[in-house]
Amino acid sequence: MLDWLKNMGKDYPDYWKNYLSKFEKKPSRFVALSLETTGLNPKKDIILSVGSIGIEHNKIVVKDVLEIEFPKPIKEEVSENVIDQMFKDVRVPKVTESVALEKLIDYIGNSVIVGHRTLFDIEIINETLEKYNCGRLKNESLDIEVMYKKLLDINDKNFSLDALKKIYKIDTSDRTSTVEDAYSIGLLFLKLKSKLDIHIQA
């Protein structure tokens, strides 16, 4: 209710209006999402990169991928040329934060977001959206760590993404990226969804 009052009368960007219109229909897709951020405080830290992959009909859609790099923090600009030479990767376009955010929102649409500790990912995206005169994400979300805890019926232990990959024998390269993590999240989600015998529309 408070969020609705706060955003009442706002002149939203066109891409946000388009995003909101997508919720007139039920979601037909899951999106496995992984973020790299500067820290764990959504109000102070920022997004560095995003990797995401679509899931439909209990299958990962390898052609449905988003990989995007957000601008580095100002304090890192001094060494940016050195970093670029060391980690040059032409696959990931460098764009402004507002353009990166627009691409992310267009890609997610009304999909169900799947992640590891998803609440943090959603909150830092919401904080970024607020800077650009947008509202908050409306998507439903699922957390693979929560799903695994439900499977074991425990609440007193936490499981990192690496720990879950090890448990389910999911191999990744030594130098992982956000999109590789998103792929691992997608695989774990499908395994846990099957083990929990849950049926989710999307």
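The figures follow:
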item	result
Options 58, 18; residue that is on the phi > 0 side of the Ramachandran plot, open to solvent by 60 Å² or more (accessible area, probe 1.4 Å) and either under 17 Å from the mean Cα position of the chain (by Cα) or not charged (D, E, K, R) (or both)	58
Positions within segment 39-54 being closer than 21 Å to residue 185 by Cα and surrounded by fewer than 16 Cβ atoms within 10 Å (Cβ to Cβ), in sequence order	39, 40
Residue 103 being among the charged types (D, E, K, R), within 21 Å of residue 60 (Cβ to Cβ) and in contact (Cβ under 8 Å) with a residue 12 or more places away in the chain	yes
Residues being within 15 Å of the chain's Cα centre (by Cα) and assigned to a loop (DSSP other than H, G, I, E, B) - total across segment 155-192	1
Selection count, segment 107-154, where residues are open to solvent by less than 30 Å² (accessible area, probe 1.4 Å), of a type in the set (Asp, Glu) and assigned to a helix (DSSP H, G or I)	2
Total residues in segment 141-152, condition in contact (Cβ under 8 Å) with a residue 40 or more places away in the chain and either touching a Ser or Thr at 6+ places or on another chain (Cβ under 9 Å) or of a type in the set (Phe, Trp, Tyr) (or both)	3
Neighbours by Cβ (under 7 Å, 6+ apart or cross-chain): first from segment 106-124, closer than 13 Å to residue 186 by Cα; second among the hydrophobic types (A, V, I, L, M, F, W, C) and in a loop (DSSP other than H, G, I, E, B)	112/202
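The values are calculated or read from the model by the stated rules, or taken from the named source; none is laboratory data. What you see is a predicted model; the values in this text were computed from it and never measured. Positions of Cβ are backbone-derived with ideal geometry, glycine not excepted, and every protein chain shown enters the neighbour counts. The protein model used for the area step is the full one, side chains on, heavy atoms only, and it has no ligands, DNA or RNA in it. Shrake-Rupley method; radii C 1.70, N 1.55, O 1.52, S 1.80 Å.
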